[in-house]
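Each value in this text was obtained by applying a stated rule to the coordinates, not by laboratory testing. Everything quoted here is computed from the prediction, not taken from an experiment. Cβ coordinates were reconstructed from backbone atoms using ideal geometry, including for glycine residues, and neighbour counts include every protein chain displayed.
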Number of protein chains: 2
Amino acid sequence: VQTIFVILMLGSVLVSSSAAEPRQLNLMPMPASVQLQTGQLVIDPSLTVGISGHTDVQLQRALERFLNNLRRQTGMTPLDMKVTSAAQAKLVVHCEHENKAVQELGEDESYSLEVSTAGAKLDAVTALGIMRGLETFLQLVQTTSDGFAVPAIAIHDKPRFPWRGLMIDVSRHFIPLDVLKRNLDGMAAVKLNVFHWHLSDNQGFRVESKKFPRLTEMGSDGLFYTQDEVRELIAYAHDRGIRVVPEFDMPGHSTAWFVGYPELASGPGPYEIERKWGVFDPAMDPTHERTYKFLDSFIGEMAQLFPDQYFHIGGDEVNGKQWDANPKIQAFMRAHGLKTNQDLQAYFNTRVQTIVSKHGKTMVGWDEILRPDLPKDIVVQSWRGQDSLAAATRQGYRGILSYGYYLDLNWPASRHYGVDPMSDGAANLTPEEKQRILGGEACMWSEYVAPENIDSRIWPRMAAIAERLWSPQNVTDVTSMYERLQNVSRWLDWLGLTHNSSYGPMLRRIAGSNDISALRTFADVVEPVKDYTREEIAAVEATSLSPLNRVIDAVRPESETARHFSDLVNALEANQGSSAQQEIRTLLTRWRDNQSNLQPLETQSFLLQEISPLSQDLSTVATIGLQALDYIDRGERAPEAWATEQFALLEQAQKPKAQLLLMIVPSVQKLVEASSGVKAPQLPPQK
Amino acid sequence: VQTIFVILMLGSVLVSSSAAEPRQLNLMPMPASVQLQTGQLVIDPSLTVGISGHTDVQLQRALERFLNNLRRQTGMTPLDMKVTSAAQAKLVVHCEHENKAVQELGEDESYSLEVSTAGAKLDAVTALGIMRGLETFLQLVQTTSDGFAVPAIAIHDKPRFPWRGLMIDVSRHFIPLDVLKRNLDGMAAVKLNVFHWHLSDNQGFRVESKKFPRLTEMGSDGLFYTQDEVRELIAYAHDRGIRVVPEFDMPGHSTAWFVGYPELASGPGPYEIERKWGVFDPAMDPTHERTYKFLDSFIGEMAQLFPDQYFHIGGDEVNGKQWDANPKIQAFMRAHGLKTNQDLQAYFNTRVQTIVSKHGKTMVGWDEILRPDLPKDIVVQSWRGQDSLAAATRQGYRGILSYGYYLDLNWPASRHYGVDPMSDGAANLTPEEKQRILGGEACMWSEYVAPENIDSRIWPRMAAIAERLWSPQNVTDVTSMYERLQNVSRWLDWLGLTHNSSYGPMLRRIAGSNDISALRTFADVVEPVKDYTREEIAAVEATSLSPLNRVIDAVRPESETARHFSDLVNALEANQGSSAQQEIRTLLTRWRDNQSNLQPLETQSFLLQEISPLSQDLSTVATIGLQALDYIDRGERAPEAWATEQFALLEQAQKPKAQLLLMIVPSVQKLVEASSGVKAPQLPPQK
């Protein structure tokens, strides 16, 4: 086999198929080292897979799952593609030894995959590495002129960070087990290895406790996981090489505990499950021994249920109002020399850490828990940023980054992709300090997600973050990332993720009609407002009772169409294009005319009424773009007065309406600039 | 409440919403009686449901399921829309008494549903009727300008036939439990009440037997249901008011039994699981007592496992070759005066009937079992037609019709819809004889279906057959049926059926690309060949090992686009239209240009290569249509010679290629006729 070229950490990996049509490898995350060779291994019903070296049940299940996924991906039947002896197999899997019974942080996940025209060999130290390599193999399968095939290739791969996670908040909206399972499938596909399960918050307590049954009886609306279900999910994750870290948020974010156990709180009850979003006053009473007695018993029970070494106690956003208002707590603080609420929380954390440690676990908490009196083995999860993370590591603590990875803020994938745990404050750490940065976790806070749309909030953007945490630091080409991301997104359909498939049905519900072409044209170019703007500009305060059936709930966090349009306008500016110009005109014409197609639907659906002004804006903005294009076409300079007028209109169209943003405005502004030579005033950021 | 108009069994039911936009009710099957009134009941998060009268666990679960479906349909949360006391409820469900523990043939399924602006009331004798009525309520929910709403309405409904079924063959391709469950959800949605489970055939034995474990150990490739899974599915069906009738096909269609138990066969073994399709020689030995001993034991076990009163023994398509070749069998026939193989099979059936009866069950079998010496309580399932069915009823037997309802033949919904169990030979029966026609069953034989595409073969056409079996005989308007069918089809997405959602991913796999617009344009206007043509013209014989990933496996059995195009051409002919003419031109232009968009993809996918000739035909046919349209536009008569030439081209394009049919050919032929005044030769039927 002749190595034709070597690509190491390149943004764009192209392979020349036998039909001489260059194709991009869908690999995401990009492996540490990829050597592409000539030829390909055909994948047909006769494919066989065998295990040499160590074998065990977990590995065999991984192989069965791999074959099932491969069959699904290629449309083959359960009778095709068999497991055989290694001697006869086309794909030979060689594993040196078994995984730990309970998956550990830092276990070896490296693998080597060599594919030739004759066969393939996957080597790894552990079954974990084999699983990662099998996912790479699946991503390599392409439809070619000669059948399904994997290109001849040599890959040597290992993760950059040992902690690569996704947190899902199942408290604010309950997320059923099957939805979590399909998301674990997605996680495994992009080589994530930690599922952080945010199991309690003000809006619901979601795990059955045998010792304290009122936690779910009174604090969950009947929406919780039984202990059997928890075990089922942990086994499901374990099979996919994913650790499950439970979080029980304390002492704040804990109203749901108090509905059944008001004696834990710092203020008088009774309590009700919180229906609103935000930070609330109720907090555990850190001054009362019964609090610790309860937590000792509860954490003991949960430490048994959740086998992972790490145990997350939350610890964020305590506003301290209940503590301020409670004379006994104030007296306790004075008696113990605790000057501030932060001091009181530190006291609480120290006590809780002792309990967690007693039950054999290592404590994890959000930034706020960090106080130098805690032992050095705890892990800090930073929502505040790399500086905060760096500060922790300088004090000898280990940390993971979540700042920059909040999926609920509706940022574009490129923005998440640009956040590196080792950048900013962390860039200047010593090598030893850097070792303490374990990785990162994306966070899916669930104020505005339901089983129906949670996948579309997580995927495909999660895959870009997964690449950041797995691939070498210098894999940063955004263009390549987006090309691969689109492929991976469609490919994830085979795993049953619904980020693509739920879009049409949600739009049909909104339209009250099967004909959603006009609504889709609109929905394709808008995005939900960013950050916490949805709360800030809400006409009616949203609660956990609010239906999530509006246009904002259906549209994607990032508009592929608007990004494509932006690329076209950039190509036009760079003089690359009459074909770009033609496509720009086609798109702008469709957008200009869309309002007249959408308007008739508005009379038949209450869910469409709110988008009418923004739909009108789309028409206006497209008209501006077409006028600019006409000037450019005629080689005529657009008058300055005209340009100024358009800039003002564009600034209006840039503002959120119905909590939606029209994403083509900046590109149309560029067209006006290009047509007039007038520099536009800077538009306010879209958020 | 003023009744504004009464519609009784009308094809088209329109409701005037408050926004003065007429909307069609999605009801399917059409109820026996519908009275539409003014106003509507708003469905919002505050909706409450309560039970008055009889209540039990099955009813409560039905109500929970109803609310979950309603929440899904409207995008509401689990915290919205509660069950309350009947006194407080907006929707009051009143049930007189409980269902039978084991659902019986002919149990009362009638219901009345009255909806006013203030609330709704659903009355039924049994929980079965309540379930049917709840499905009607769900279908009535519309998106309106004032919110989700159900129109004020009075419905009195009951089924025409007591046996309304769907048979799924899980032998030729194994269909996993979750796929069956979602299809049971679909069945319940259109008020079907029998799931006929074809559990054994030459290609696989699919149910665990504790008494005869080799049936699945050796006869299933490991693809079978455990008895626990069978019980789980039966409970799932029971909750939805669906009986489960098992079928174990004998004495033919039974190779899979013989792999583990060759002594049951009439010829020497050993046997292997059959991989091909068709009718095969192996048949049970009807002359050996050990056969009946085995069957007594086996049927005894299965009679316990399946609670339904009816037990299907197949009995179809015995070719008799093994019997002819076995001297002992021949001797037995002579000794017992059995002149023909049919006589021998009748002897077998009589023996088996005695066994089935001994275990408390009533025997069901295909046409072939019918012989006057069998007791009158058996049920004949007719794949041969209404004449065969009528003959059975004249002899005093009860029967169900499956002829005309074979979903695997890829007929259009209208053709299935036109098949009435009481027509043809059955039309002249006496009232008493007619009583013996219990209903019908659609059949999903599974040579060419996998979990991925089975839904698209069953739905939405199944809903048209469901209407035939539920609604009054004079509900026959095909136009109305298709309008409602399209709505119901999209609405079934909420139940998790994948007939719509699997189309895009399958096409992307075929294209090996995310950009499937050209492939979809093509796929939207072709259909799989009909009847058994797929076998007849196959270049390579298909087996159970053949991947089902070709274009024929992805395209729908019935092209909505071609039907719409046909409607447009008919409108044009009827002079109804310049708008029709414009749309015809747009479609034809897209089709003409499609080949040049599709061709580049062909070099990158082996799965696209076979459609190249038909894609070329699409372009040719569309060009012909455009030329005809040009003549019509210019008010010029097309030359006869030109027309004759086009007719010859169209006849070529009418022929199947890649086992696909181009469905726009007949409409383009009409355009050529209209443009030239030349009557076209009759095209061969597309099949």
Take chain A, mark every one of the GluC sites (Glu not before Pro) that falls in a DSSP loop and has at most 11 other Cβ within 10 Å, then report the longest stretch left between them, sites excluded. A:1-540
With viscosity set to 1.306 mPa s and temperature to 10 °C, compute the Stokes-Einstein D of region A:532-687, Rh being the Kirkwood radius across alpha carbon pairs; µm²/s, no decimals. 95 µm²/s
Can you tally the net charge around B:LEU548? Count Lys and Arg as +1, Asp and Glu as -1, for every other residue whose Cβ sits under 12 Å from the Cβ of B:LEU548. +3
Here the percent of antiparallel bridges among DSSP beta bridges lying wholly in region A:26-128, to the nearest 5, is 25 percent
What list of ³J(HN,Hα) couplings, whole Hz, do you get for region A:451-468 from phi and the Karplus terms 6.51, -1.76, 1.60, once you set θ to phi - 60° and write x for glycine and proline? x, 5, 10, 5, 4, 6, 8, 8, 10, x, 4, 3, 5, 5, 5, 4, 5, 4
Footprinting proxy, A:LYS687, B:LYS211: sorted fewest to most Cβ within 10 Å, the residues are B:LYS211, A:LYS687
Determine the percent antiparallel among the DSSP beta bridges restricted to chain B, to the nearest 5. 40 percent
Label-to-label distance, nm, for residues given as A:LYS339 and B:ALA87 (7 Å Cα→Cβ offset): 6.2 nm
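Taking beta carbons within 10 Å but only from partner chains, what does the mean come to for residues B:68-80? Before the final figure, lay out each step's value.
On the way: counts 0, 0, 0, 4, 5, 3, 3, 14, 6, 13, 9, 13, 4.
Rounded to a whole number, the mean comes out at 6.
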For peptide B:220-232, the mean count of other chain Cβ atoms within 10 Å per residue Cβ is 1
Whole-Hz Karplus ³J(HN,Hα) for region A:142-154, in order, using 6.51 cos²θ - 1.76 cosθ + 1.60 and θ = phi - 60°, x for Gly and Pro? 10, 7, 10, 5, 9, x, 5, 7, 10, x, 4, 6, 10
If you take the charge dipole of chain B about its Cα centre, with +1 on Lys and Arg Cβ and -1 on Asp and Glu Cβ, which of B:PHE298, B:ILE611, B:HIS94 is farthest toward its positive end? B:HIS94
At 7 Å out from Cα toward Cβ: A:ARG585 inter-copy label distances (nm, ascending): 1.9
Going 7 Å from the Cα of A:ASN428 toward and past its Cβ, which residues in region A:365-403 have a backbone nitrogen under 16 Å from where you end up? A:386-395
Once the label point is placed 7 Å from Cα along Cβ, list for B:LEU683 the distances to the corresponding points in the other copies, in nm, shortest first. 4.9
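To make sure I understand, if each residue's beta carbon is the centre and we count other beta carbons within 10 Å, what order do B:VAL179, A:VAL49 fall in, fewest to most?
Values: B:VAL179 21, A:VAL49 24.
Ordered by Cβ neighbours within 10 Å, fewest first: B:VAL179, A:VAL49.
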Karplus-derived 3J(HN,Hα) from phi for region B:30-36 (6.51 cos²θ - 1.76 cosθ + 1.60, θ = phi - 60°), whole Hz, x at Gly and Pro, runs 5, x, 4, 8, 10, 10, 8
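Given +1 on the Cβ of Lys and Arg, -1 on the Cβ of Asp and Glu, and no further charges, what dipole in debye does chain B carry about its Cα centre, rounded to the nearest 20?
Numbers: 66 positive and 84 negative charges, 99 e Å.
Dipole about the Cα centre, nearest 20: 480 debye.
Set the bar at 30 Å for Cα to Cα. Now go through A:LYS191/A:LYS376; A:LYS121/B:LYS276; A:LYS361/A:LYS434; A:LYS100/A:LYS530; A:LYS276/A:LYS657 and name every pair that lies beyond it. Show your work: numbers first, answer last.
On the way: A:LYS191/A:LYS376 28 Å; A:LYS121/B:LYS276 34 Å; A:LYS361/A:LYS434 24 Å; A:LYS100/A:LYS530 41 Å; A:LYS276/A:LYS657 23 Å.
Correct reply: A:LYS121/B:LYS276; A:LYS100/A:LYS530.
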Fraction in percent of alpha-carbon pairs per bin - 10 Å, region A:88-227: 11, 30, 25, 19, 11, 4, 0
State the answer as a single residue: which of A:PHE212, A:THR561, A:VAL49 lies farthest towards the positive end of the charge dipole of chain A, with beta carbon charges of +1 for Lys and Arg and -1 for Asp and Glu, about the Cα centre. A:VAL49
Reach of A:LYS321 by Cα under 14 Å, taken over aspartates and glutamates that are not fewer than 8 positions away in the same chain: A:ASP281, A:ASP285
Long-range amide H partners of B:GLY147, meaning residues 5 or more apart or on another chain whose placed amide H is closer than 5 Å, are A:PHE606
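Rounded, prolate or oblate: which fits region A:25-69, taking a ≥ b ≥ c as square roots of the Cα gyration tensor eigenvalues, rounded meaning a/c under 1.5, else prolate when a/b beats b/c?
Values: a/c = 1.93, a/b = 1.45, b/c = 1.33.
In terms of gyration-tensor shape, prolate.
Test of understanding: ordering A:TRP642, A:TRP494 by Cβ neighbours within 10 Å, fewest first, what list do you get?
A:TRP642, A:TRP494
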Run lengths n ≥ 4 of DSSP H only: what is the helix-derived mean residue ellipticity at 222 nm for chain A, with -39500 (n - 2.57) per run over all residues, to the nearest 500? -12500 deg cm²/dmol
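With +1 on each Lys and Arg Cβ and -1 on each Asp and Glu Cβ, and nothing else charged, work out how big the dipole of the protein assembly as shown is about its Cα centre, in Debye to the nearest 20.
Numbers: 132 positive and 168 negative charges, 147 e Å.
Here the size comes out at about 700 debye.
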FRET efficiency, 1/(1 + (r/R0)^6) with R0 60 Å, evaluated for B:THR586 and B:ALA331 via beta carbons: 0.25
Compute from the Cα atoms of the protein assembly as shown the Rg and the Dmax, the latter being the longest Cα-Cα distance, and quote both in angstrom. 33.5, 109
Which cross-chain or sequence-distant (5 or more) residues have an amide H under 5 Å from the amide H of B:THR38, H modelled 1.01 Å from N in plane? B:GLN2, B:ILE4
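Averaged over its residues, how many other protein chain Cβ atoms are within 10 Å of peptide A:504-510's Cβ atoms? Numbers along the way, then the final one.
Details: counts 5, 9, 2, 0, 7, 10, 2.
Other-chain Cβ atoms within 10 Å of each residue's Cβ, averaged: 5.
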For A:MET167, the residues 5 or more places away or on another chain with a placed amide H closer than 5 Å to its own amide H are A:HIS196, A:ALA442, A:CYS443, A:MET444
Residue of chain A whose Cβ sits closest to the axis mapping A onto B, with distance in whole Å: A:SER501, 2
For A:ASN474, inter-copy label-point distances (7 Å, Cα→Cβ), nm, shortest first, read 8.3
Take the alpha carbon gyration tensor of chain B, find the square roots of its eigenvalues, order them as a ≥ b ≥ c, and report rounded if a/c is under 1.5; if not, report prolate when a/b exceeds b/c, else oblate. oblate
What dipole magnitude, in Debye to the nearest 20, does region A:28-182 give about its Cα centre under +1 on Lys/Arg Cβ and -1 on Asp/Glu Cβ? 380 debye
What percent antiparallel are the DSSP beta bridges of the protein assembly as shown, to the nearest 5? 40 percent
